[in-house]
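Note sheet for the following structure.
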Amino acid sequence: MIYDFQFKNGSGFTIIEIVVVLGIVTVVAAIVISNFISVIQSSDLNAVVQELASIIELSQSKTLASESSSQFGIYFDTGTSPHQYILFKGNSFASRDTPYDQGFSLPSTIEFSLISLGGGNELVFTKLTGFPAQSGSVSLRLKADTSQVKTIFISNTGAISFSAITPP
């Protein structure tokens, strides 16, 4: 027996028709929601990359300004969950002045995927020139979609960019 939901004129919908329509609406809603989440995560990745680039530039500026007559750098910590980076004062992370540390945690959906800074996890700028002691790149990615990667490049002259710098 098929149940009919009757309208005044006698036409109506069967349960099967209602279930099919609900199924289609559910599938469309799932697609829209998953795309929306993907856009939000991609936007979060872009924001984190911009913030990290700003902190790298701040480290370079503090060094050039000889703030506290010291060098400054960034340490990329992949041993914590979530990953984090630390703005520090000193010639290296190991010999830093810890009261000046400023830590920044990545959102739990983002991680460092590749840190290519001459074999280490730190970027230190030299006094007077503002050149990094080691040039290279730092890449971040979404944990849920590892194909979503953004990279910050630091040249040997201290230029910071989002595309590879090729020498002239």
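The values are calculated or read from the model by the stated rules, or taken from the named source; none is laboratory data. Owing to the predicted nature of the structure, the values given are computational and were not obtained by experimental measurement. Positions of Cβ are generated from backbone atoms using ideal geometry, with glycine treated the same way; all protein chains shown enter the neighbour counts. The accessibility values were calculated without ligands, DNA or RNA, using every heavy atom of the protein model including side chains. Shrake-Rupley method; radii C 1.70, N 1.55, O 1.52, S 1.80 Å.
Going by what's in this entry, would Leu45 be described as under 28 Å from Glu122 (Cβ atoms) and either open to solvent by less than 40 Å² (accessible area, probe 1.4 Å) or among the aliphatic types (A, V, I, L, M) (or both)?
Judged against the criteria, Leu45 is a match.
When region 108-120 is examined, which residues are found to be open to solvent by 50 Å² or more (accessible area, probe 1.4 Å) and of a type outside the set (Ser, Thr, Tyr)?
Selection gives Leu114, Gly118, Gly119.
Considering region 89-128 alone, what residues qualify as being under 18 Å from Thr63 (Cα atoms), touching a Leu at 6+ places or on another chain (Cβ under 6 Å) and free of Cβ contacts under 8 Å to residues at least 60 places away in the same chain?
Passing the criteria: only Gln102.
What tally of residues in region 65-76 results from selecting those that are crowded, with 18+ Cβ neighbours inside 10 Å and of a type outside the set (Phe, Trp, Tyr)?
Total satisfying the criteria: 3.
Here is a check on your reading of the model: is Gly103 farther than 14 Å from Lys143 by Cβ, touching a Pro at 6+ places or on another chain (Cβ under 9 Å) and at pLDDT 95 or above?
no
Within region 83-93, is there a residue that is surrounded by 15 or more Cβ atoms within 10 Å (Cβ to Cβ), under 23 Å from Ser161 (Cα atoms) and among the small types (Gly, Ala, Ser)?
no
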